[in-house]
Structures are given as C-alpha cells and as structure tokens.
Amino acid sequence: MKTLIEPFKIKMVESIRQTTEKERIEILKEADYNPFRIKAEDILIDFLTDSGTGAMSDRQWAAMMTGDEAYAGSKSFFRFEKAVKNITGFKHIIPTHQGRAAERILFSVAVKEGDKIPNNTHFDTTRANVEFNKAEAVDLVIPEGKIPTLEHPFKGNMDLKRLAEFLEKNHEKVPMGMTTITNNSGGGQPVSMENIRETGKLLHKYDIPFFIDACRFAENAYFIKLREDGYQDKSVLEVAQEMFSYADGCTMSAKKDAMVNIGGFLAMNDETLAMNSRNLLILTEGFPSYGGLAGRDLDALAVGLEEVLHEDYLKYRLRTAAYMGERLTASGIDIIRPTGGHAVYIDAKAFYPHIPASQFPGQVLCAELYRKGGIRGVEIGSVMFGRKNSDTGEEIPAEMELVRLAFPRRVYTQSHFDFAIEAIIETYGERDKAKGLKITWEPPFLRHFTAKFDLVD
Ligand code: F0G
C-alpha cells in the first residue's frame, strides 16, 4: 500500500476552536503581531515547537499510575535509569527537569572562563549556558549546512577539517566538544555515524570528552538507517547505541524524543564529573533519584524512550516533514532542503523578496500564516538573532530569515497537515499584499518572546 497511516489511533481528544479570519486579524493586532503573545486557545494548529507538546501513549499514562514518589531511590528512578542506560550505555544517569537544566549543570561543573566549546551548531539555550559561564560557543557545521536549498544527506555534520584545525590551536582551552543530533538550529538536519565517530576520535586525540546533545537522537538514528551505508539491516536501537558508544556523555531534553511533556537528563561515564554534577543537582534541582521531576514523570519517560525507537513511528514522523516539504516545494515555496526530522523551515526572504530584513520578513510570515490559517510558527531570523549597532542603533540582520513550523509528536493528523499546507500556499498567493513590520517595544534580551510590532505604513 502507498498510503502511510498514523501508526496509532486516538483514545482521547482535545477540541480546537475555529476562528474566522476577521477575528484573527483583531487577535493579531491585540498580540502586537507576535505569535508568542497569542493565547493557545486562539490557535488552530500549533507548530510553535515540538518540545513538550507531544501526546503520550496509553502505555505512558498507565506507567504514570505506577510512579513511585519516594524521595530517595524510588522504583521509578531505576526504571528510568535502565531505559537510558540501555540506549546510551553511559554509567551515570542524572535526571533533570528539562534539557537546559542538564546543560547548566554540565557547564557549571566542567567549563571555566575563557574556555571554548565546539559544536556543529549550539542550540540557543546551549549557547546561552556556555556564555553564562564566560566561555565561547563555537559553531563548526559543514558549509553545506548553511545553504538552505542545497541537498545533502547529513547537513548537520561537523566540519571535521575545521574541528581538527580548531583543536590544534585551542585544545588546551577546550574542556569538552559537543555535537547536536539532529542539528535543530540548522534545520533539524541529521549527523552521520561516520561524522559522530570521527568527531569523537578528533576530541579523544587530546583527551577531550565528547558530549552529544541528544534531544532528537531517535530521528537522527533513523536518518542514519535510511541514508548511511551499512545500517539498513540494523535496528534503530542498535544504531542509537552505536552513536552513543563514540561519546563520553550526553545532555537530553526528554520533551522531544522521549515523548514526555516535561523532563530531561544528563549522562556520562566520568566518575568525578558525575559526582560534581550530582552535588550541584541537589542544590538546585533535587535529589539525584528525581532531579526536579515526579516519580511518575520518570516512568512516562522510560516508556517514551522505548516507543520512540519503533520504526513505524519514525517512518511516519520523518515522512510527515518530507510530505509537507515536497508539497511546498512543488508550489514554488523555498524551504530548507532536504527536510529534517521535526520541522519544516520556510525561507521567508525568498517568500517576501519585497520586504527587507529590517522589516522582518519571517515575523511577517508568522503573522500572515496566523491570519490565513490560524497556524502558529516561530520566526528564526532577524527578530531572534538580529543585533543592534551599538553606535547608530541600526539593525544588523541575521544570516537567514526563516520560519520554523515544528511538529508536536503524535498530535496532528494528515488532514491537519493538508489544511496547513493549503493555508501556506494561499498565503504565498497573497504575498505581494503583505506589509513589513516594525518593532514598537522590545526587552533588553531574548526579544523574540515578548517584542511588540506594528505594520509599516
Ligand atoms: N538542545 C536542543 C537541540 C534543543 O532543541 C532544545 C530545546 C534544548 C537543547 C533545550 O531543551 O527546552 O528542554 O530546556 N528546544 C526547543 C525548541 C525549545 O523549540 O526547539 P529544553
């Protein structure tokens, strides 16, 4: 059969509220053209993030009922620990409330002022946590990873040549190296097994530990199975186990590929680093057997880690992004190609050639997608990454103007996607009428969350 179906059926539903275009124009004005300021109940299809927005399975909900809420040494912790060890093979597994808590603890204990951390591309919170410890976050993704429409099977790969040169020069200042799978900031693009292995080798030459930012490890493993020679006959679990075998530890936001609404962990082999991490965890997150989570959260996470490796799920998951990508591309809309695992990234600069970066084409597209279809995406462009010239106050634009439509796991059906695609294509048909936006108020940092906008006259 050619038709690929969602590999689940629906046992509980949440209504979504229909709004009219007229209502949405008003809502947009009230929200100052910033989708983060729109109430979730006014959204028809929410593609703001794939983080913590997934639907848990009946098996996960059942596991929650068995949660052991003992403060120390709960049964839930050991079930969680076993599930993580089975996939990663790491010796020390430390639960945290989400990914950035794992990052904060790791960098607080292992990074000092003046250090440099290489990564394919640091995610925002990773970069912010590195910089908070007065170290430098260095992005070394391959050049292909920065060209939106250029096809490459592993666009998230580390540039090994640049990494080797970087390490030769700076190895004494590098307390660890990282790679992010999949590379979220570069379009959710996978990293090949060969690249993970070689990154590990280069770092280990200088005895530098290698950490994986593992949020979307299962999607990455399935891309390897599909695209890299020698992995077709392996199970996704085996592929994942091999990926982690080249590393010394990982940080994980379980809100992505562990299919839970909250949770994360830090894992590693090094005894001293683990001890220091646990000590800080006790200070800020909680006792090492719960790390800021309830016992029931750990149980749901353990089951989620098993379910995410089911091949029928991953096939449907990756196909969803590819399907939307193919239909948008066929309609002349430029996206980051090929599509990654968790999202489609539309090139807003190409969508609105008449709107300059100083008038935020990505933000305009977010507003227009909401007006047309009640769809919420997120701008990844000059609102998020633009800077101001400190002398003139003039805006310095970001490298790319993108809109990310990220897909919650197991939440929307094929017809939701068909509807969203239709709305995007219709918005494209009306592109000439779209007007730029200007900022009317912004906070001192991370402005994209709260900034206010108005239409340019
Ligand atoms: N690393 C990556 C690659 C991520 O995508 C995220 C979160 C984190 C770390 C931090 O994890 O949110 O649990 O603290 N990404 C979300 C997103 C927010 O929308 O892409 P967290």
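Counting only other residues whose beta carbon sits under 11 Å from that of residue 398, what net charge do I get with K and R as +1, D and E as -1? Please list the in-between numbers first.
Values: positive: 349, 387; negative: 379, 395, 399, 401.
After counting each charged neighbour, the total is -2.
Calculate the length of the line joining the C-alpha centroid of region 161-191 to that of region 200-265, in whole Å. Using only Cα atoms, the two centres lie 15 Å from each other.
At q = 0.20 Å⁻¹, what log₁₀ I(q)/I(0) does a Debye calculation on the Cα points of region 229-303 give, no solvent, two decimals? For region 229-303 at q = 0.20 Å⁻¹, log10 I(q)/I(0) is -0.99.
On full extension, the segment bounded by residue 416 and residue 275 gains 46.1 nm, given 0.36 nm per residue less the C-alpha separation. Each Cα pair under 8 Å and six or more residues apart adds its separation to the average, and for the chain the resulting relative contact order is 23 percent. Can you find, among 125, 48, 147, the residue farthest towards the positive end of the dipole of the chain? Put +1 on the C-beta of Lys and Arg, -1 on that of Asp and Glu. Of 125, 48, 147, it is 48. In the chain, the calculated helix contribution to ellipticity at 222 nm averages -12000 deg cm²/dmol per residue, counting -39,500 (n - 2.57) for every DSSP H run with n ≥ 4.
Contact order for region 293-381, expressed relative to its length and based on alpha carbon pairs under 8 Å spaced 6+ residues apart, stands at 15 percent. For residue 452, the lysines whose Cα falls under 20 Å of its own Cα, not counting residues fewer than eight places away in the same chain, are 29, 39, 388, 435, 438. Taking a straight line from the alpha carbon of residue 315, these lysines sit under 27 Å away, with near neighbours fewer than eight places off in the same chain left out: 2, 9, 11, 82, 85, 146, 155, 225, 234, 255, 256. Scalar couplings 3J(HN,Hα) for region 58-66, obtained by applying the Karplus form with A = 6.51, B = -1.76, C = 1.60 to θ = phi - 60°, are 4, 5, 5, 5, 5, 5, 4, 5, 9 Hz; x denotes Gly and Pro.
In percent, rounded to a whole number, the relative contact order of region 58-307 is 32, using alpha-carbon pairs under 8 Å and six or more apart.
Separation of region 366-395 and region 401-432, taken as the distance between their Cα centroids, equals 18 angstrom.
Using a probe of 1.4 angstrom and keeping all protein chains present, the accessible surface of the chain works out to 44 square angstrom per residue.
Other residues with beta-carbon under 12 Å from the beta-carbon of residue 295 carry, at +1 per Lys or Arg and -1 per Asp or Glu, a net charge of -1.
Heavy-atom accessible area with a 1.4 Å probe sorts 37, 447, largest first, into 37, 447. Near residue 422: Cβ cut-off under 15 Å, other residues only, Lys/Arg at +1 and Asp/Glu at -1. The net charge is -3.
Quick check: from the Cα gyration tensor, does region 73-231 come out rounded (a/c under 1.5), prolate or oblate? Oblate is the answer for region 73-231, as a/c is 1.5 or above yet b/c matches or exceeds a/b. Considering only C-alpha atoms, what is the centroid distance from region 6-25 to region 86-154, in Å? Each part's Cα centre sits 35 Å from the other's.
The values are calculated or read from the model by the stated rules, or taken from the named source; none is laboratory data. The structure displayed is predicted, hence computed values, not measured ones. No Cβ is skipped: glycine too gets one built from the backbone with ideal geometry, and neighbour counts run over all protein chains shown. Please note that ligands, DNA and RNA were not included when accessible areas were found on the heavy atoms of the full protein model with its side chains. Shrake-Rupley method; radii C 1.70, N 1.55, O 1.52, S 1.80 Å.
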